[in-house]
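Peer 1: Take a look at this one; I'll ask things after.
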Amino acid sequence: MENSRNIANKGLYWNKLVYKDKQSLVLSSSENKARLVSDILYILQKQQNEKEVIEQLKQRRNEVSSKFSKVLDKVYTIQTKLLVGSGLPSPIEVGMTFSRNYGIPIIPSTSIKGTFANYVQSEKIFDEETYKRLFGTDLTTKGENIRGTLIFLDAIPDTAVKYTVDIVNNHFQPYYMETDNPPNDWYNPVPVQFIAVENTSYRFTILIENDSKLTKEEKEKIKLEFGKMLKLYGIGAKTNYGYGRFKD
């Protein structure tokens with residue numbers, strides 16, 4: 001595929017078309033992977049119809065949100081870099097989550113719920129009963145299962161998506177490939193380039209049913225703690241290395 005060609009759905013390009021049109025680079029040695037990353041980045045950075053897609057998503061989000069009661073509906077901006085879906089299949093070894101229909105990077109609702117639930121539980125933000133009421137339970141006994149009150153939606157870009165290239169340097173590849181090899185510093189490092197998102201704003205939305213009984217104090221606490229989680233702990237992959245932090 002030529003770099004000058006327009007790509008309407010970048011998610012389709014990432015997940016399918018690259019393997020066909022860049023097959024020789026996908027299957028090549030690591031020396032040529034840098035060229036593959038550069039070619040993919042060029043395609044992703046071309047805005048084309050992205051502005052219209054984001055506006056359509058905003059309108060749909062407004063329509064959906066109007067049918068529920070809002071707990072949080074706020075735009076946060078990436079403070080560092082963001083990588084979501086790193087373990088997904090990828091032509092460049094490190095994956096990324098795209099909206100299947102719209103072809104732009106999103107943060108899945110399941111990731112948001114799981115990250116926030118883990119934060120709330122580990123920091124003991126609410127007591128156990130309130131936690132179960134908010135997030136639900138998945139117990140082996142069917143009658144004990146509780147549906148959570150909170151409804152999490154995918155986080156969607158609120159501004160044009162900015163892509164960047166980063167690198168992870170594996171110093172112990174022979175050890176990871178064969179445990180008989182000791183982890184030591186005499187191996188040659190194997191740098192792997194990957195693509196991440198930066199300088200982009202995302203809209204996070206948490207809803208409840210209109211008849212749900214959630215106190216004003218609980219709503220305010222959820223909003224406060226959700227913002228703290230994004231700022232201090234982050235979301236997505238590589239949070240231990242500073243990834244996934246957001247600011248207001």
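The values are calculated or read from the model by the stated rules, or taken from the named source; none is laboratory data. The structure presented is a predicted model; accordingly, all values stated were derived computationally and were not measured. All Cβ positions, even for glycine, are placed from backbone atoms using ideal geometry, and neighbour counts span all protein chains on display.
Peer 1: For the stretch 108-116, indicate whether the set of residues that are assigned to a strand (DSSP E or B), within 19 Å of I151 (Cα to Cα), small (G, A, S) and at pLDDT 90 or above is non-empty.
Peer 2: Step one: filter the stretch 108-116 for residues assigned to a strand (DSSP E or B), giving none.
No; the residues of the stretch 108-116 include none that is assigned to a strand (DSSP E or B), within 19 Å of I151 (Cα to Cα), small (G, A, S) and at pLDDT 90 or above.
Peer 1: Right, next: Out of all the residues in the stretch 136-143, is one or more at pLDDT below 95 and in a helix (DSSP H, G or I)?
Peer 2: At the first step, the residues of the stretch 136-143 found to be at pLDDT below 95 are 136-143.
Now restrict to residues that are in a helix (DSSP H, G or I): 142-143.
Yes: one or more hits.
Peer 1: Which of (1) farther than 19 Å from T164 by Cβ; (2) at pLDDT below 85; (3) of a type in the set (D, E, K, R) is the odd one out, the single condition K33 does not satisfy?
Peer 2: (1)
Peer 1: Another question, then. Check the stretch 76-83 and report whether any residue there is touching a Phe, Trp or Tyr at 6+ places or on another chain (Cβ under 6 Å), aliphatic (A, V, I, L, M), part of a loop (DSSP other than H, G, I, E, B) and crowded, with 20+ Cβ neighbours inside 10 Å.
Peer 2: Yes, the stretch 76-83 contains a residue that is touching a Phe, Trp or Tyr at 6+ places or on another chain (Cβ under 6 Å), aliphatic (A, V, I, L, M), part of a loop (DSSP other than H, G, I, E, B) and crowded, with 20+ Cβ neighbours inside 10 Å.
Peer 1: Now a separate question. Could you grab the pairs with beta carbons closer than 8 Å, sequence gap of 6+ or different chains, first residue in the stretch 216-229 and farther than 23 Å from T77 by Cβ, second one in a helix (DSSP H, G or I) and not acidic (D, E)?
Peer 2: Close Cβ pairs satisfying both conditions: E218/T130; E218/L134.
To keep it simple, each residue is scored yes or no on (1) modelled with pLDDT of 75 or more; (2) part of a helix (DSSP H, G or I); (3) among the basic types (K, R).
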{"residue": "N3", "(1), (2), (3)": "no, no, no"}
{"residue": "A8", "(1), (2), (3)": "yes, no, no"}
{"residue": "G11", "(1), (2), (3)": "yes, yes, no"}
{"residue": "L17", "(1), (2), (3)": "yes, yes, no"}
{"residue": "K20", "(1), (2), (3)": "yes, yes, yes"}
{"residue": "L25", "(1), (2), (3)": "no, yes, no"}
{"residue": "D39", "(1), (2), (3)": "yes, yes, no"}
{"residue": "I43", "(1), (2), (3)": "yes, yes, no"}
{"residue": "Q47", "(1), (2), (3)": "no, no, no"}
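Peer 1: Let me ask something else about it. Being buried (at least 19 other Cβ atoms within 10 Å of the Cβ), within 20 Å of the chain's Cα centre (by Cα) and modelled with pLDDT under 90 narrows it down to one of P105, P91, so name that one. Please lay out each step first, then the result.
Peer 2: Details: P105 fails: modelled with pLDDT under 90.
After applying the criteria, what remains is P91.
Peer 1: Right, something else. Is it the case that T164 is more than 21 Å from M229 (Cβ to Cβ) and modelled with pLDDT under 95? Steps first, please.
Peer 2: Working: more than 21 Å from M229 (Cβ to Cβ): yes; modelled with pLDDT under 95: no.
Against the criterion (more than 21 Å from M229 (Cβ to Cβ) and modelled with pLDDT under 95), T164 does not qualify.
Peer 1: State all residues of the stretch 50-72 that are within 16 Å of T159 (Cβ to Cβ) and surrounded by 15 or more Cβ atoms within 10 Å (Cβ to Cβ); if no residue qualifies, say none.
Peer 2: Answer for the stretch 50-72, where residues must be within 16 Å of T159 (Cβ to Cβ) and surrounded by 15 or more Cβ atoms within 10 Å (Cβ to Cβ): E50, V53, I54, L57, R61.
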